[in-house]
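Remarks on the structure that follows.
Every number here is computed from the coordinates shown, using simple stated rules; none is lab data. Not measured: the values here are computed from a predicted model. No Cβ is skipped: glycine too gets one built from the backbone with ideal geometry, and neighbour counts run over all protein chains shown.
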Amino acid sequence: MPGGTAALLVLADGRFPAGGHAHSGGAEAAVKSGRVHDAASLQEFCTSRLHTAGLTAAALAAAAAAGADPLALDEAADARTPSPALRRTARKLGRQMMRAARATWPGPELDALAAARPKGAHQPVVLGLAARSAGLTPLDAAYAAAYENVSGPATAAVRLLSLDPFDATAVLARLTPGIEEVARRAEAAGRGPVDDLPAASAPLLEITAEQHAAWPVRLFAS
């Protein structure tokens with residue numbers, strides 16, 4: 001099946017209709033608390049997210065792209081996501097990613113996971129399976145997941161802070177060495193047993209996700 005750089009660009013494109021534009025990746029709560037208030041603090045936030053939630057997501061995606069059992073990976077993702085709010089978000093995004101992936105790169109493995117998890121599997125697992133269906137490598141899947149974990153908050157910060165889009169893009173550019181490192185670590189981890197996948201902890205993201213879910217008014221869904 002054809003794959004390669006062009007397919008990876010499609011999968012990682014922010015315009016791919018997987019629903020990510022409605023989510024801030026924790027940036028909205030971080031902005032409200034004052035922890036993110038400019039480009040420098042946004043970079044600190046994204047760096048921390050990349051090496052915790054980003055590494056975990058990238059490893060799950062790489063393992064799925066490598067052919068690991070997606071149902072076992074979905075259970076592993078649940079175990080690595082203590083916050084009920086974040087589990088709901090991950091499955092909602094997974095459901096939307098599944099719709100987009102099946103329309104773009106249809107395949108029996110995507111169909112089987114959709115049937116087994118009609119309410120949605122965790123988004124990184126679906127992303128990895130979408131990459132596999134597109135003919136991409138586990139490393140490609142890890143890159144897409146790692147990049148998504150920082151590009152979402154950076155894009156959200158433009159709206160939340162009226163941050164100059166050039167500054168937000170510069171933050172992402174400065175994060176590229178970290179994205180490279182995390183993707184390669186995740187791909188290596190994805191070759192091993194599911195139980196040994198990274199479970200990097202980000203307790204503050206979990207706590208603020210629960211708080212954010214209770215807000216009566218918010219700009220982003222998460």
Please build a GNM for the chain, connecting alpha carbons under 10 Å apart, and tell me which residue among Ala22, Ala144, Ala173 fluctuates the most. Ala173
For Thr89, Thr56, Thr47, what's the fewest-to-most ordering of other Cβ within 10 Å of each Cβ? Thr47, Thr89, Thr56
So the angle from the long Cα axis of helix 70-79 to the longest Cα principal axis of the chain, reported in degrees to the nearest 10, equals 30
Helix 39-49 against the longest principal axis of the chain: what's the angle in degrees, Cα atoms only, rounded to the nearest 10? 40
In degrees between 0 and 90, to the nearest 10, how far off the longest principal axis of the chain does helix 165-174 point, with axes built from Cα atoms? 60
Report the residue, chosen from Gly107, Gly120, Gly94, that carries the largest GNM mean-square fluctuation when the chain is represented by alpha-carbon nodes joined by springs under 10 Å. Gly107
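Taking other Cβ within 10 Å of each residue's Cβ, how do His23, His122 sort, fewest first? Could you put the intermediate results ahead of the total?
Values: His23 20, His122 30.
So the residues, fewest neighbours to most, are His23, His122.
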Virtual spin-label span in nm between Arg99 and Arg184, 7 Å along Cα→Cβ: 3.8
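Work out how much length Asp111 to Asp13 would gain on full extension: take 0.36 nm times their residue separation and subtract the Cα-Cα distance, in nm to one decimal. The partial results should precede the final answer.
Details: separation 98, 0.36 × 98 = 35.28 nm, distance 2.28 nm.
Full extension from Asp111 to Asp13 adds 33.0 nm.
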Most positive-pole-ward Cα, Ala53, Pro106, Pro84, against dipole of the range 52-126 from beta carbon charges: Pro84
For the range 112-219, which trypsin sites (Lys or Arg not before Pro) pass both filters: DSSP loop (anything but H, G, I, E, B) and at most 14 other C-beta atoms within 10 Å? Lys119, Arg191, Arg218
Interchain or sequence-distant (5+) residues whose placed amide H lies within less than 5 Å of the amide H of Ala200 are Thr56
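At 0.36 nm per residue, and after removing the present C-alpha to C-alpha distance, how many nm does the segment from Glu210 to Ala72 gain when stretched out fully? Each step should come with its number before you reach the end.
Details: separation 138, 0.36 × 138 = 49.68 nm, distance 2.55 nm.
Taking Glu210 through Ala72 to full extension adds about 47.1 nm, to one decimal.
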